[in-house]
């Protein structure tokens, strides 16, 4: 059911690109937008991981540099029965982490330097289990494509506000006011669809990650620490289009982020993990 829902939502994102293209460019705009949507999907499939890693300034690290990190990732990957992803570190004090890639065989996991200093090893294991759950559940490709498509619609809408003033001269019957509304509403619709994809999958990854690490309360504790510290040290370097990839919203203080958050409330995630611990008898 979740897979069908995701495909439907991503279909809506593609349809939005085509609709915006039609409003801004008529029949030719529809054809161009459709071609653009197809190319964006293909590009996102093959290059989502390197693009996300590059945009986040993530750097590859060796086992000699972070032996404990490698040990945890390898242990959880074995439990999840997936290949060990490539490991990266983002040089920032803001605590966060994300996973990306087109499938478990071509995946990567990135953690910030700040999260390794903030959390103890059990809490960090919970975070890494959450991210590897995304890899096992194949969320990484879906979320990245949704984020890229949403950002493309936002970009088209942004330029649409400037192109709208010229549309009436070029196309008979065009309405500059409607073009302006489309340019404003399309990015909002894209953001709503993007967060709808991400929110349900964060709950699923929390539950799967807690099962993989065996300690739901450790993951709950990690989420509380990350959320509190991220408010004091937001990850301002992160591209807003990638916010859905991170375990916690990179810049939780932004009013726009609060309005169109790609993550469910951290308090609700923590409560669900505590209830899970009670049901399973975990400490």
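Quick notes
- Yes/no for residue 251 being modelled with pLDDT under 65 and part of a loop (DSSP other than H, G, I, E, B): no
- Residue list for region 44-74, filter: farther than 15 Å from residue 242 by Cβ, free of Cβ contacts under 8 Å to residues at least 40 places away in the same chain and assigned to a helix (DSSP H, G or I): 67, 70, 71, 74
- Residues that are surrounded by 24 or more Cβ atoms within 10 Å (Cβ to Cβ) and farther than 14 Å from residue 247 by Cβ do occur in region 106-128.
- Sole residue being modelled with pLDDT under 95, within 29 Å of residue 221 (Cβ to Cβ) and in contact with a strand residue (DSSP E or B) (Cβ under 9 Å, 6 or more places away or on another chain), chosen from 53, 124, 69, 128: 53
- The lone exception for residue 60 - which of (1) at pLDDT 95 or above; (2) loosely packed, with under 13 Cβ neighbours inside 10 Å; (3) closer than 23 Å to residue 209 by Cα it fails: (3)
- Of all residues in region 257-283 being at pLDDT below 70 and more than 24 Å from residue 110 (Cβ to Cβ), the one that is surrounded by the most Cβ atoms within 10 Å (Cβ to Cβ): 282
- The listed residue being in contact with a helix residue (DSSP H, G or I) (Cβ under 6 Å, 6 or more places away or on another chain), surrounded by fewer than 20 Cβ atoms within 10 Å (Cβ to Cβ) and more than 30 Å from residue 131 (Cβ to Cβ), out of 20, 30: 30
The values are calculated or read from the model by the stated rules, or taken from the named source; none is laboratory data. Values in this document were obtained by computation on a predicted structure and should not be read as measured data. Because the Cβ atoms are built from the backbone with ideal geometry, glycine has one as well, and the counts that use them run over all protein chains shown.
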